[in-house]
Amino acid sequence: MSKSSVLTHITFLAALSSASAFAGSTIDAQRVQLDALKAKSLQSELSYQVIESLTTEVGARMVGTPANAKSVSWAVNKMHELGFDKVWTEESELPLWERGTMQAHIDGPYPHNVVALALGGSVGTNGKDLKAQVIEFASLADLKAAPQGSLKGKIAFVSFKMERDIDGAGYGPAVGARVIGASVAADKGAVAFLMRSVGTDTNRTPHTGISRYQPDVKQIPAVAISNPDADLLVNMLARKQPVTFSLNMKGTGYTGEKVKIANVIGEITGSEHPEQVVTLGAHLDSWDVGTGAIDDGIGVGITLAAGHFIGQLPQAPKRTVRVILFAAEEVGLFGAKDYVAKHKDEMANHVIGAEWDFGNGNIYQLHPGVGTESLNEVRDFANYLAPMGVALATTNTAKGQSDMEALGELGQPAIDFNPDGLDYFDYHHTENDTLDKVNQAALKNNTAIYTLFAYFAAQSDIDFRK
């Protein structure tokens, strides 16, 4: 090797050594405080206590209900109680949809009472019986392929069964029918739309969720039936005899009124750069079934507890930690849309964000969405979390879960913490989404991880966009 080559090699090794030292500097500087926060949050019951309070004192929180309005005052009071130094609300309005009563019944050839729920946004039958023959489709794609006019006077039924996955990957292939199935069916001439619930359980607990009508297509009732009832309906149809179904839905639909919604925002103000914010998100609303403990009481509990733990430190981190409890996520992410409209000019100071809106088990993966330079620092943070069972994803494409994605689309870097969601869709949007389903051991672990993330990002000088 020539003298110049030796010098080049030495310079390269020195650069590697320097880069390695720099990459570990943020975690090394924070390690004592991170370890203390980790120990405190792993021992605390606070996030569970927050969920218990929300589900007991408020309960189900569907947009437009008195409980949804009550949840806003509950959240403001809870943030003050937990030591947030700035708390405020940001209001907007939405059309009011109400769920009325429903009777669903297989009339023949084998009569059976069906457990069903109207999908959000559905019209009803004005209290009149709607009776028609059922035509089954194995998937939304099959329904789309049906000839025009082929469903005239019929009820379309999509029997697609959601698959269970740790990351909830089965949700995407199943949820399309819920969102647009009614309009697709109506376009083919159907008078109503039925679907197997988007869920992985085997209970007679149907799953609701938002449905959207397409412009210039007749609006027909959109209904989800429980998985066991869907199985029974499939078995009847397999006998190649006409199956007739009846629906009677009274008081279901948009009322023509407007209803107020509000994002609830709380901060632990940064000690050096208060204008720079690290965002933690969850959604405050829920459907009107169950008590919204898992969706998204867990997110509310985790983010409020993380803010509290950081707020109790003798010295606030350099940057502000902002917890955003978004409104109206379930009916179309309207709180997130309102937030970005109000804060679009401040987005450059949104340093990085993370939301919780999926899962009940332990976080097993950190999926980043940051710049290539800052990815080294995120990798070091992931290594710090590794003893807690967290691995770094192989991609760097995160935009933020649910509401937080709206901020990600405007440039906010993101971390998606991916938890075990194997049982999540057993309870999602059902009467069974109740406090007893919350995995308390995993909740402590996940609260600790969000607390550590918020402090790591808020105390650092990292530009996560670079």
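The values are calculated or read from the model by the stated rules, or taken from the named source; none is laboratory data. Computed from a predicted model, the values in this text were never measured in an experiment. Using ideal geometry, Cβ is built from the backbone for each residue, glycine included, and neighbour counts are taken over all protein chains shown.
Could you tell me how many of the residues in segment 385-401 are surrounded by fewer than 20 Cβ atoms within 10 Å (Cβ to Cβ) and closer than 21 Å to Asn445 by Cβ?
Counting residues in segment 385-401 that are surrounded by fewer than 20 Cβ atoms within 10 Å (Cβ to Cβ) and closer than 21 Å to Asn445 by Cβ gives 7.
Rundown of residues vs (1) more than 18 Å from Ile135 (Cα to Cα); (2) surrounded by 16 or more Cβ atoms within 10 Å (Cβ to Cβ); (3) outside the structural domain of Leu151 (by TED's automatic domain parsing), yes/no style:
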position	(1), (2), (3)
Gly170	yes, yes, no
Ala182	no, yes, no
Leu194	no, yes, no
Gly199	yes, yes, no
Ile220	no, yes, no
Asp231	no, no, no
Ala238	no, no, no
Val243	no, yes, no
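Taking only segment 311-325 into account, find how many residues are among the aliphatic types (A, V, I, L, M) and surrounded by fewer than 24 Cβ atoms within 10 Å (Cβ to Cβ).
First pass over segment 311-325, keeping only residues among the aliphatic types (A, V, I, L, M): 313, 316, 321, 323-325.
If we keep only those that are surrounded by fewer than 24 Cβ atoms within 10 Å (Cβ to Cβ) too, we end up with 313, 316.
Selection size over segment 311-325: 2.
Taking segment 189-235 as the search range and keeping residues that are within 15 Å of Arg178 (Cα to Cα) and charged (D, E, K, R), which one is nearest to the chain's Cα centre (by Cα)?
Arg212
Can you name every residue in segment 319-333 that is more than 14 Å from Gly281 (Cβ to Cβ) and not β-branched (Val, Ile, Thr)?
Arg319, Glu330, Gly332
Among the candidates Ala305, Ala316, Ala328, which residue alone is part of a loop (DSSP other than H, G, I, E, B) and within 19 Å of Val277 (Cα to Cα)? So that I can check it myself, show each step before the final result.
On the way: Ala305 fails: part of a loop (DSSP other than H, G, I, E, B); Ala328 fails: within 19 Å of Val277 (Cα to Cα).
Unique residue meeting the criteria: Ala316.
Within segment 39-53, can one find any residue that is out of contact with any helix residue (DSSP H, G or I) (no Cβ under 9 Å at 6 or more places or on another chain), surrounded by 19 or more Cβ atoms within 10 Å (Cβ to Cβ) and more than 16 Å from Asp295 (Cα to Cα)?
no
Collect the residues in segment 245-258 that are in a strand (DSSP E or B), surrounded by fewer than 16 Cβ atoms within 10 Å (Cβ to Cβ) and out of contact with any Leu (no Cβ under 6 Å at 6 or more places or on another chain), keeping them in residue-number order.
As a first pass, look at segment 245-258 and keep what is in a strand (DSSP E or B): 245-250, 253-258.
Of the ones still in play, those that are also surrounded by fewer than 16 Cβ atoms within 10 Å (Cβ to Cβ) are 250, 254-258.
Passing the criteria: Lys250, Tyr254, Gly256, Lys258.
Considering Gly120, Gly124, which residue is closer than 18 Å to Val217 by Cβ and touching an Asp or Glu at 6+ places or on another chain (Cβ under 8 Å)? Walk me through how you get there before you give the answer.
Working: Gly124 fails: touching an Asp or Glu at 6+ places or on another chain (Cβ under 8 Å).
None of the others qualify; the one that does is Gly120.
Considering only residues of segment 59-84 that are charged (D, E, K, R) and either closer than 24 Å to Ile210 by Cβ or touching a Phe, Trp or Tyr at 6+ places or on another chain (Cβ under 6 Å) (or both), which is surrounded by the fewest Cβ atoms within 10 Å (Cβ to Cβ)? Talk me through it step by step, then tell me what you get.
Taking segment 59-84 as the starting set, the residues that turn out to be charged (D, E, K, R) are 61, 70, 78, 81.
Still in the running and either closer than 24 Å to Ile210 by Cβ or touching a Phe, Trp or Tyr at 6+ places or on another chain (Cβ under 6 Å) (or both): 61, 70.
Values: Arg61: 29, Lys70: 14.
By that ranking, first place goes to Lys70.
Hey, among Gly359, Gly332, Gly353, which residue is surrounded by fewer than 16 Cβ atoms within 10 Å (Cβ to Cβ), in contact (Cβ under 8 Å) with a residue 40 or more places away in the chain and outside the structural domain of Gly170 (by TED's automatic domain parsing)?
On the way: Gly359 fails: surrounded by fewer than 16 Cβ atoms within 10 Å (Cβ to Cβ); Gly353 fails: surrounded by fewer than 16 Cβ atoms within 10 Å (Cβ to Cβ).
Result of the check over Gly359, Gly332, Gly353: Gly332.
Of all residues in segment 171-204, how many are in a loop (DSSP other than H, G, I, E, B) and closer than 27 Å to Pro95 by Cα? Spell out how you get there, then give the answer.
Let us first name the residues in segment 171-204 that are in a loop (DSSP other than H, G, I, E, B), namely 188-191, 197-204.
If we keep only those that are closer than 27 Å to Pro95 by Cα too, we end up with 190-191, 197-198.
Qualifying residue count, segment 171-204: 4.
Exactly one condition in (1) under 23 Å from Gly253 (Cα atoms); (2) of a type in the set (A, V, I, L, M); (3) touching a Gly at 6+ places or on another chain (Cβ under 8 Å); (4) touching a residue at least 60 places away in the same chain (Cβ under 8 Å) is false for Ile166; which is it?
Just one mismatch for Ile166, condition (1).
Can you confirm whether Thr56 is surrounded by fewer than 12 Cβ atoms within 10 Å (Cβ to Cβ) and at pLDDT 95 or above?
Values: surrounded by fewer than 12 Cβ atoms within 10 Å (Cβ to Cβ): yes; at pLDDT 95 or above: yes.
Yes, satisfied.
Give the number of residues within segment 81-121 that are closer than 24 Å to Val340 by Cα and more than 22 Å from the chain's Cα centre (by Cα).
The qualifying residues number 5.
Determine which member of the set Ile265, Ile294, Ile261 is assigned by TED's automatic domain parsing to the domain that holds Glu90, in a helix (DSSP H, G or I), surrounded by 20 or more Cβ atoms within 10 Å (Cβ to Cβ) and of a type in the set (Val, Ile, Thr). Lay out the reasoning, then the answer.
Numbers: Ile265 fails: in a helix (DSSP H, G or I); Ile261 fails: in a helix (DSSP H, G or I).
The conditions single out Ile294.
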